[in-house]
Amino acid sequence: MSYHLIVDQGNTTCKVALVRDHAIENISLLSSTAGEALEQLIGGQQFDGAIYASVGQRDAVAETVVMRSATNVVFMGQDTPVPIRVAYDRRTLGADRLAAAVGAHSLYPNCELLVIDAGTAITYEHIAADGTYLGGNIAPGIQLRFKALHHFTGRLPLVEQPSLSQEIPLYGGTTEEAIVAGVIRGLAHEIDGYISTLHAKTEQARVIMTGGNANYLAQILQSRTLIHTDLVLLGLNRILEHNV
């Protein structure tokens, strides 16, 4: 039996998962500066292993809490061994992107994969059937697109992301509708384009979506995708297992 602590510090939130025998038992969302909250959350529990990953500045308090919580601790970095081959400059590769690729390959070995992480940014990760991470792309996420249109123009308003119950027009009849349609439908066409290009090359390739907007975007795409919202956490746990 194994009991692992997984800490994924993102741009806006910190995800904490407790994993028992390869299965995620609990997930908590904390603020991006999560040290004290993390200490309260785990309440002195001891784990067989722990891993801490951050896409930005590390939280020193959180690092200390993680270090005290387990005998075997991995701090995710550019030299951390991973169970896939990486054909990418790891000095510039975010821990979340690599973990998503590892998680996807662990779920679907021997399959060519495209992983789309729909969070603050939209990232596209391409994994070969033999498990080689071939590379990927980074684009602005939904909120970044809305904010950029408002910030970098003189008169365009800041528009909120519509709920799925709201109809998104093909073309807007007002400026607000035009922004919504342009951002949401434009992003959907972007994602569908990546997927159709992949399937034109390899029909059997699988597409996995993860991240906070995965379910939202999947419902407006023309393409069929698989949804695994906890893919990064699964990948981090797999990396931890590979190192302990």
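Overview of results
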item	result
Among residues of segment 127-147, those that are assigned to a strand (DSSP E or B) and more than 27 Å from Gln161 (Cβ to Cβ), counted	5
Which numbered condition Ile168 misses (of (1) among the β-branched types (Val, Ile, Thr); (2) out of contact with any strand residue (DSSP E or B) (no Cβ under 7 Å at 6 or more places or on another chain); (3) outside any loop (DSSP other than H, G, I, E, B))	(3)
Restricting segment 111-134 to residues that are over 20 Å from Ser196 (Cα atoms) and either at pLDDT 95 or above or not assigned by TED's automatic domain parsing to the domain that holds Gly235 (or both), the residue that is surrounded by the most Cβ atoms within 10 Å (Cβ to Cβ)	Gly131
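Rundown of residues vs (1) assigned to a loop (DSSP other than H, G, I, E, B); (2) in contact (Cβ under 8 Å) with a residue 60 or more places away in the chain, yes/no style:
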| position | (1), (2) |
| --- | --- |
| Met1 | yes, no |
| Leu5 | no, yes |
| Glu25 | no, no |
| Ser28 | no, no |
| Glu39 | no, no |
| Ala53 | no, yes |
| Ala62 | no, no |
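The values are calculated or read from the model by the stated rules, or taken from the named source; none is laboratory data. Predicted model only: the values in this text are computed from it and were never measured. Because the Cβ atoms are built from the backbone with ideal geometry, glycine has one as well, and the counts that use them run over all protein chains shown.
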